[in-house]
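Colleague: I am attaching a structure below and will ask some questions about it afterwards.
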Amino acid sequence: VIPMNNQNKDDNLIENKKEREVEVINPYKDKFQTSLEAINKTWIDKFFCCFAIFKKYFQITSQDFLLRFLNSLIPFNNKFQNLVKDKPDLYGPIWIYSSLIIIISATGSLTRTLQGNNNKNFFQEFVPIAGVVIYGVGFGLPILIAFLMKIFGTSLNFASVICTYGYSFSIFLPISIICVIQWDILQWISLIYAIFSSTSLLES
């Protein structure tokens with residue numbers, strides 16, 4: 001029979017040996033985990049850093065946006081350029097494009113209904129098409145415009161080009177609603193004014 005004291009000593013020796021093994025293994029394990037955490041943190045920081053760059057372009061108040069929106073409806077209005085010169089924003093263009101997609105789709109569906117063409121799926125089918133076209137034109141053309149401006153030595157940055165180009169579409173929001181009225185003369189006058197106003201904002 002093994003005495004209890006000797007058995008306890010043996011058990012203590014075994015436990016101490018296991019603890020020493022853990023102590024030897026753990027430092028490497030901790031270093032490995034620390035390295036993985038550092039790598040993951042680096043990638044996460046880089047990922048969110050992309051959003052942090054654009055954060056300043058969304059920091060405008062509702063009053064600022066409303067003032068810019070109303071001034072963008074007036075042709076050859078230099079006040080709009082003074083408002084966005086030092087602080088261009090991307091909130092306005094995104095809001096205008098999104099609203100324009102919904103309004104065009106809704107007014108198109110209403111017009112077809114008034115004309116007796118009852119296509120219940122028109123709104124759902126037209127929204128994706130309008131979204132691709134409007135967002136494509138709204139963000140695609142400014143890239144080309146900004147590139148051409150850089151070639152000719154203009155100091156405007158990319159955010160300013162997107163901001164001005166986006167607000168130039170604001171006139172089409174009320175015009176899209178007016179065009180629901182089935183009167184050709186009113187529709188043509190409204191469209192001509194919208195094109196004139198939109199172009200003048202880009203030239204101002």
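Readers should treat all values here as calculations from the given coordinates under stated rules, not as data from a laboratory. The model shown is predicted, which means the values in this text are computed figures rather than measured ones.
Colleague: Would you compute the Debye intensity of segment 54-138 from its alpha-carbon atoms alone, equal scatterers and no solvent, and pass along log10 I(q)/I(0) at q = 0.18, 0.22 Å⁻¹ to two decimals?
Modeller: Each listed q maps to, in turn, -0.85, -1.02.
Colleague: Another question, then. What number does segment 104-202 give for Rg over Rh if you use C-alpha atoms and the Kirkwood radius?
Modeller: 1.08
Colleague: Over what distance in Å are the Cα centres of segment 175-193 and segment 83-141 separated?
Modeller: Between the Cα centres of segment 175-193 and segment 83-141 lies a distance of 17 Å.
Colleague: Just the projected area, averaged over all directions, of the convex hull on the alpha carbon atoms of segment 100-144: how many nm²?
Modeller: For the Cα atoms of segment 100-144, the hull's average projected area reads 3.1 nm².
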